[in-house]
Amino acid sequence: MRVGIVGHASDKFTINGMLKAQEAIYDIFSKHIHDKPIIVSGNCPLGGVDLWAEEAAKLAGLQTDIKSPKQHQWDAEYGFKQRNLDIAKDSDIIYVILADSFPPEYNKKKFPYCYHCKTDQHIKSGGCWTAHQAIRMGKKAEWIIVCNK
């Protein structure tokens, strides 16, 4: 089974949120351990869920299929859009691990809600876009929202 794990970059998590996100990754591994999962992720240049999943997979002795963007732009040649489409295409199920709110020190661009999911229950993530693409391809997706407080 090919298990996609995507979500927020590290700057969107507090220490508490980061620990909960990492715990969620191990819970996903436990849920699929009998399926001999191959972990599919996106090698986010800003760290976070992608890299935590990759590191945890290596520690757990799981195979990985890492989709690294060649350029750090949405529509560039093998940029984030194509990378995310490949994650969706190559996963049987995708887990999106997200923070419920911004850390107090976060000072980059903020959206009041996730426009991919049309909700204010978590902050926007390209992982949501990826999961919605997977659903359009007939795949399964699950969201895991962790509390940053």
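No value in this document is a laboratory result; all are computed from the given coordinates. Keep in mind the model is a prediction, meaning the values are calculated, not measured. Backbone-built Cβ (ideal geometry, glycine too); neighbour counts: all protein chains shown.
Here are some notes:
- Dipole size of the range 10-149 about its Cα centre, with +1 on Lys/Arg Cβ and -1 on Asp/Glu Cβ: approximately 360 debye, rounded to the nearest 20.
- Under a model in which nothing but the beta-carbon of Lys, Arg (+1) and Asp, Glu (-1) is charged, the range 2-65 shows a dipole of about 120 debye around its Cα centre.
- Descending semi-axes in whole angstrom, ellipsoid equivalent of the chain, from the Cα gyration tensor: 21, 18, 15
- Across the options Ala76, Leu46, Ser91, the greatest Cα extent toward the positive end of the charge dipole of the chain (unit charges at beta carbon of Lys, Arg, Asp, Glu) belongs to Ala76.
- Within straight-line cross-link reach of Lys20, aspartates and glutamates at Cα separation under 15 Å, skipping those fewer than 8 residues along the same chain: Asp11, Asp50, Asp100
- Counting other Cβ atoms within 10 Å as a rough exposure proxy, the listed residues Leu98, Leu19 run Leu19, Leu98 from fewest neighbours to most.
- DSSP beta bridges fully contained in the chain are about 5 percent antiparallel.
- Rounded Å value of the spacing that divides the Cα centres of the range 73-149 and the range 39-60: 15 Å
- Pairs over the 27 Å Cα-Cα cut-off, from the set Lys36/Lys67; Lys36/Lys118; Lys109/Lys139; Lys31/Lys139; Lys58/Lys109: Lys36/Lys118; Lys109/Lys139; Lys58/Lys109.
- Unit charges at the beta carbon, dipole of the range 61-149: most positive-side option, Gln63, His122, Gly138: His122
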